[in-house]
Amino acid sequence: MTAHYRIGVMFSANGPYAVVARSMLNGALLAFAELAAERDDVRLEPVVVDPCGDHAAYRRLSLDLLTSGIRNVVGCYTSSSRKEVIPCFEKHDGLLWYPSHYEGFESCDNVIYTGASPNQHVLPLVEYLAAHVGHRAYCIGSNYIWAWENSRIFREAFGAVGGTVVAERYLPVGDTDLEALAEAIVDQRPDFVFNNLIGTSAYAFFRAFQQVCARRGIDRAGTIPVASCTLSEPELHEIGPAAGDGHLSSSVYFSTIQTPANLAFTAAYGRMFPDGPAACADAEASYIAVKLLASALARAGTDAAKPVRAAVAGQTLAAPQGEIRIDPDTFHAWLTPRIGRSTADHTFQILLEAPQALPPDPYLVQSSPRLAVPMRPPKLRVVQ
Amino acid sequence: MSARLVQNFRGGRAFIVTATPGLEGALASTLTKLGVESTYPRLMDGKAEIALATLSPERDMLFIDGDLEGAMEIELDPSTALPPVPVIGLVGVEAPSRLKALVGLGATSFLRKPVHGGAVYASLFMGINQFQLRSEQGQRFEALHQRHRARRAVIQATLLVMKRTGLDEDQAYAQLRHESMRMRQTVEFYCEDLIARHPRAAPSSLRPDDAKPRTGKPKAM
């Protein structure tokens, strides 16, 4: 007998980070399509909603989905949207399948995290930058929890290996007037930029930075590379060919992974979504989330949060990035860190990859010092 | 205030004092995620069986259910009002008497029952860091108190130098300060030592109670 479940799918296919969110939506829809052909024990019906990047809409749509009888929702890209909807999932005992890398320091019983934890993205990047690029960083980011915390983790880890942060700047989500920031960075001449801008702000920055460097005769990629934990394939299309190459990205998935599983995934994705946006790490995490959800529903025999959560604990999946599994303690995923450099054809050349999947460490229990790095006030201040 | 806050609790041991182990909510499961091992001490005749003297404030912490009456008796440090290890209160009945009892046990943070997983890290962060900060403040207060007591010896030594050399008060103090720095000692310690070596020369009204020569060599703060 086939069990039928309605599944919420909540991504902002419109708004300031729509490009990545559409890729995530596509990853989820591909998984639903494959499951319809593969499985006859469960049938999943996606119910797609679009909060358009608006926090109030995330809250309202979560409530609508959960009060309509849906108990599992795949969705959210930004941490601020996830934090916005968590109380609603707790109140109505639903499960949010969160398919994006994030800054950690969270482990909600009503969330299954299929994206990368900080020890799987920012820490490998710190190691790579310190060993291969330099020790002076300029940190920029969108002004919300992701950039604040990811920069804090970066600063502590980078300081521990002898690095320094020459400056930190945060801008509102959606801000696209970034030429002055690009000029300020070039004036400082850091060894690299650590970028936590998201969506349209990030694209505008990459273009402005290219223009400023070109005007000043600076080899952008060779002199001041930009390193991110967010930069993905569909965003390279948005940035454009002139400004999109030579950037470093730390991610558990790149579309250029040469394994049969990934070749099959990218081919299926390309056939289903020929107009894009291209597949990326968060699209893969969404694909993984739906596949794991289907197996957990089949195993649990119900879509209620508690049994589904119990069913997904320890579950493995042959994902496009390699084998992944859900850690039964933290309900985060074991994933394989990789470092890539963007190319002019909107993909990434993989420079390094971990030999196998790393366990998630959302609270950096295994990978951070006992004591926080003290924040020292500056010794000098600008008086003129 | 120390800027070195504890942010990673790996290797910690939590002793959860409650009558209903496992029913306090998501405490033990969340502590596991934070790298902290949990144990539930047995309650014998309503008293928790914990050898407090064997616990270490660097590693151990107590979670005490405020709804239990008299499960723990903890002697607080008289200068800091702190227990031997950090205490976090588990609050069920939110009555002033229960909260007061937890404060009386030296709790530096609280968690509402049933414990919500999302509240544990914040409560641990607050409880342990408040404990550290208050311990450090207590040590600093004690050091300042000792220096304050020793100011009597500075006055005596200044008078002694004035009497012997004819220097005025400022010059005599400058000389004592110079000599204490040369000896790499605090001016208070140097003066106490000087007076102890010359008890008869000091004016009787200012003679220290204990004029024995001192050993040890505290560095300047």
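So that you can scan it fast, the table gives a plain yes or no per residue for (1) buried (at least 17 other Cβ atoms within 10 Å of the Cβ); (2) over 24 Å from the mean Cα position of the chain (by Cα); (3) at pLDDT below 95; (4) not in a strand (DSSP E or B):
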| position | (1), (2), (3), (4) |
| --- | --- |
| A:GLN120 | yes, no, no, yes |
| A:VAL126 | yes, no, no, yes |
| A:GLY134 | no, yes, no, yes |
| A:GLU183 | no, yes, no, yes |
| A:CYS213 | yes, yes, no, yes |
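Would you say A:PRO359 is within 14 Å of another protein chain (Cβ to nearest Cβ), surrounded by fewer than 16 Cβ atoms within 10 Å (Cβ to Cβ) and closer than 29 Å to A:ARG155 by Cβ?
Details: within 14 Å of another protein chain (Cβ to nearest Cβ): yes; surrounded by fewer than 16 Cβ atoms within 10 Å (Cβ to Cβ): no; closer than 29 Å to A:ARG155 by Cβ: yes.
Considered against the rule, which asks whether it is within 14 Å of another protein chain (Cβ to nearest Cβ), surrounded by fewer than 16 Cβ atoms within 10 Å (Cβ to Cβ) and closer than 29 Å to A:ARG155 by Cβ, A:PRO359 comes out as no.
One line per residue, one yes/no per condition, for (1) modelled with pLDDT of 95 or more; (2) under 27 Å from A:GLU235 (Cα atoms):
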{"residue": "A:PRO274", "(1), (2)": "yes, yes"}
{"residue": "A:ALA283", "(1), (2)": "yes, yes"}
{"residue": "A:ALA310", "(1), (2)": "yes, no"}
{"residue": "A:GLY322", "(1), (2)": "yes, yes"}
{"residue": "A:THR330", "(1), (2)": "no, no"}
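B:GLU37 passes all but one of (1) over 22 Å from B:LEU133 (Cβ atoms); (2) at pLDDT 95 or above; (3) away from every other protein chain (no Cβ under 14 Å); which number fails?
If we test B:GLU37 against (1) over 22 Å from B:LEU133 (Cβ atoms); (2) at pLDDT 95 or above; (3) away from every other protein chain (no Cβ under 14 Å), just (3) comes out false.
Give B:PRO96, B:PRO84 a once-over and let me know the one that is farther than 22 Å from B:PRO21 by Cα and touching a Leu at 6+ places or on another chain (Cβ under 6 Å). Even if it seems obvious, please write down each step before you answer.
Values: B:PRO96 fails: touching a Leu at 6+ places or on another chain (Cβ under 6 Å).
After ruling out the rest, the residue left standing is B:PRO84.
Given the conditions (1) closer than 20 Å to B:LEU68 by Cβ; (2) out of contact with any helix residue (DSSP H, G or I) (no Cβ under 8 Å at 6 or more places or on another chain), and given that B:PHE125 satisfies all but one, which numbered condition is not satisfied?
With respect to (1) closer than 20 Å to B:LEU68 by Cβ; (2) out of contact with any helix residue (DSSP H, G or I) (no Cβ under 8 Å at 6 or more places or on another chain), B:PHE125 is out only on (1).
Condition first: of a type in the set (Gly, Ala, Ser), farther than 13 Å from B:MET72 by Cα and over 26 Å from the mean Cα position of the chain (by Cα). Now tell me which residues in region B:24-57 satisfy that.
Of the residues in region B:24-57, the ones of a type in the set (Gly, Ala, Ser) are B:25-26, B:28-29, B:35, B:38, B:46, B:48, B:51, B:53, B:56.
Subset that is farther than 13 Å from B:MET72 by Cα: B:25-26, B:28-29, B:35, B:38, B:53, B:56.
Those that are of a type in the set (Gly, Ala, Ser), farther than 13 Å from B:MET72 by Cα and over 26 Å from the mean Cα position of the chain (by Cα): B:GLY25, B:ALA26, B:ALA28, B:SER29.
Tally the residues that are buried (at least 24 other Cβ atoms within 10 Å of the Cβ) and out of contact with any strand residue (DSSP E or B) (no Cβ under 7 Å at 6 or more places or on another chain), restricting the search to region A:80-106.
Residues flagged as buried (at least 24 other Cβ atoms within 10 Å of the Cβ) and out of contact with any strand residue (DSSP E or B) (no Cβ under 7 Å at 6 or more places or on another chain) within region A:80-106 amount to 5.
From the list A:ALA13, A:ALA57, A:ALA21, exactly one residue is free of Cβ contacts under 8 Å to residues at least 24 places away in the same chain, under 30 Å from A:TRP148 (Cβ atoms) and in the same structural domain as A:ALA289 (by TED's automatic domain parsing). Which is it? Break it down stepwise before answering.
Values: A:ALA13 fails: free of Cβ contacts under 8 Å to residues at least 24 places away in the same chain; A:ALA21 fails: free of Cβ contacts under 8 Å to residues at least 24 places away in the same chain.
None of the others qualify; the one that does is A:ALA57.
In region B:145-193, which residue that is of a type in the set (Ser, Thr, Tyr) and assigned to a helix (DSSP H, G or I) is surrounded by the fewest Cβ atoms within 10 Å (Cβ to Cβ)?
To start, the set of residues in region B:145-193 that are of a type in the set (Ser, Thr, Tyr) comprises B:158, B:165, B:173, B:180, B:186, B:190.
Filter once more, so that each one left must be assigned to a helix (DSSP H, G or I): B:158, B:165, B:173, B:180, B:190.
Details: B:THR158: 21, B:THR165: 11, B:TYR173: 19, B:SER180: 21, B:TYR190: 25.
Per the stated criteria, the residue is B:THR165.
Going by the conditions given, is A:THR343 more than 10 Å from chain B (Cβ to nearest Cβ), surrounded by fewer than 23 Cβ atoms within 10 Å (Cβ to Cβ) and farther than 22 Å from A:LYS291 by Cβ?
yes
Counting only residues that are among the polar types (S, T, N, Q) and either surrounded by fewer than 18 Cβ atoms within 10 Å (Cβ to Cβ) or within 14 Å of chain A (Cβ to nearest Cβ) (or both), how many does region B:97-119 have?
Applying the first criterion (among the polar types (S, T, N, Q)) to region B:97-119 yields B:97, B:108-109.
Still in the running and either surrounded by fewer than 18 Cβ atoms within 10 Å (Cβ to Cβ) or within 14 Å of chain A (Cβ to nearest Cβ) (or both): B:97.
Qualifying residue count, region B:97-119: 1.
Please go through region A:91-108 and pick out each residue that is within 14 Å of another protein chain (Cβ to nearest Cβ) and under 12 Å from A:MET10 (Cβ atoms).
A:LEU96
Return the only residue of A:LEU63, A:LEU44 being more than 14 Å from chain B (Cβ to nearest Cβ), surrounded by fewer than 20 Cβ atoms within 10 Å (Cβ to Cβ) and of a type in the set (A, V, I, L, M, F, W, C). Outline the logic, then answer.
Details: A:LEU44 fails: surrounded by fewer than 20 Cβ atoms within 10 Å (Cβ to Cβ).
Residue meeting the stated conditions: A:LEU63.
Go through the residues of region A:22-36 one by one and say whether even a single one is at pLDDT below 95 and either within 22 Å of A:MET272 (Cα to Cα) or assigned to a helix (DSSP H, G or I) (or both). Full working, then the answer.
First pass over region A:22-36, keeping only residues at pLDDT below 95: none.
No, region A:22-36 contains no residue that is at pLDDT below 95 and either within 22 Å of A:MET272 (Cα to Cα) or assigned to a helix (DSSP H, G or I) (or both).
Within region B:10-23, restricting attention to residues that are surrounded by fewer than 21 Cβ atoms within 10 Å (Cβ to Cβ) and assigned to a loop (DSSP other than H, G, I, E, B), which residue is farthest from the other protein chains (Cβ to nearest Cβ)?
Filtering region B:10-23 for residues that are surrounded by fewer than 21 Cβ atoms within 10 Å (Cβ to Cβ) and assigned to a loop (DSSP other than H, G, I, E, B), the one farthest from the other protein chains (Cβ to nearest Cβ) comes out as B:ALA19.
Just checking, which of B:LEU124, B:LEU62, B:LEU111, B:LEU82 is touching a residue at least 40 places away in the same chain (Cβ under 8 Å) and not assigned by TED's automatic domain parsing to the domain that holds B:THR30? Explain how you work it out, then say what you get.
On the way: B:LEU62 fails: not assigned by TED's automatic domain parsing to the domain that holds B:THR30; B:LEU111 fails: not assigned by TED's automatic domain parsing to the domain that holds B:THR30; B:LEU82 fails: not assigned by TED's automatic domain parsing to the domain that holds B:THR30.
Result: B:LEU124 is the single residue among B:LEU124, B:LEU62, B:LEU111, B:LEU82 that is touching a residue at least 40 places away in the same chain (Cβ under 8 Å) and not assigned by TED's automatic domain parsing to the domain that holds B:THR30.
Test each condition in (1) without any contact (Cβ under 8 Å) to a residue 12 or more places away in the chain; (2) closer than 15 Å to A:GLY240 by Cβ for A:ARG215 and report the one that comes out false.
Single failed check for A:ARG215: (2).
Conditions first: (1) part of a loop (DSSP other than H, G, I, E, B); (2) within 14 Å of chain B (Cβ to nearest Cβ). A:THR302 passes all but one, so which condition is the exception?
Failed condition: (2).
From B:GLU142, B:GLU94, which residue is in a loop (DSSP other than H, G, I, E, B) and either without any contact (Cβ under 8 Å) to a residue 40 or more places away in the chain or more than 14 Å from chain A (Cβ to nearest Cβ) (or both)? Steps first, answer last, please.
Details: B:GLU142 fails: in a loop (DSSP other than H, G, I, E, B).
Only one candidate passes the filter, namely B:GLU94.
For region B:197-204, state whether one or more residues are loosely packed, with under 15 Cβ neighbours inside 10 Å, modelled with pLDDT of 90 or more and over 27 Å from B:GLU142 (Cβ atoms). Even if it seems obvious, please write down each step before you answer.
In the first step, residues of region B:197-204 are kept if they are loosely packed, with under 15 Cβ neighbours inside 10 Å; the result is B:197-200, B:203-204.
Those left that are additionally modelled with pLDDT of 90 or more: none.
No - not one qualifying residue is present in region B:197-204.
Among the residues of region A:252-274, are any crowded, with 16+ Cβ neighbours inside 10 Å, touching a Cys at 6+ places or on another chain (Cβ under 8 Å) and not small (Gly, Ala, Ser)?
Of all residues in region A:252-274, those crowded, with 16+ Cβ neighbours inside 10 Å come to A:252-257, A:262, A:265-266, A:268-269, A:273.
Applying the additional criterion that residues be touching a Cys at 6+ places or on another chain (Cβ under 8 Å) yields A:253, A:255.
With the extra rule that they be not small (Gly, Ala, Ser), the set shrinks to A:253.
Among the residues of region A:252-274, at least one is crowded, with 16+ Cβ neighbours inside 10 Å, touching a Cys at 6+ places or on another chain (Cβ under 8 Å) and not small (Gly, Ala, Ser), which makes the answer yes.
Please determine, by comparing only the residues of region B:120-130 that are farther than 18 Å from B:GLY22 by Cβ and crowded, with 19+ Cβ neighbours inside 10 Å, which one is farthest from the other protein chains (Cβ to nearest Cβ).
First, pick out the residues of region B:120-130 that are farther than 18 Å from B:GLY22 by Cβ: B:121-130.
Now drop any that are not crowded, with 19+ Cβ neighbours inside 10 Å, which leaves B:121, B:123-124, B:127-129.
Values: B:TYR121: 7, B:SER123: 14, B:LEU124: 10, B:GLY127: 15, B:ILE128: 10, B:ASN129: 9 Å.
Among those that are farther than 18 Å from B:GLY22 by Cβ and crowded, with 19+ Cβ neighbours inside 10 Å, it is B:GLY127.
The values are calculated or read from the model by the stated rules, or taken from the named source; none is laboratory data. Only a predicted model underlies this, so the values are computations on that prediction, with no experimental measurement involved. Methodologically, a virtual Cβ is constructed for each residue, glycine included, from the backbone with ideal geometry; neighbour enumeration extends over all protein chains shown.
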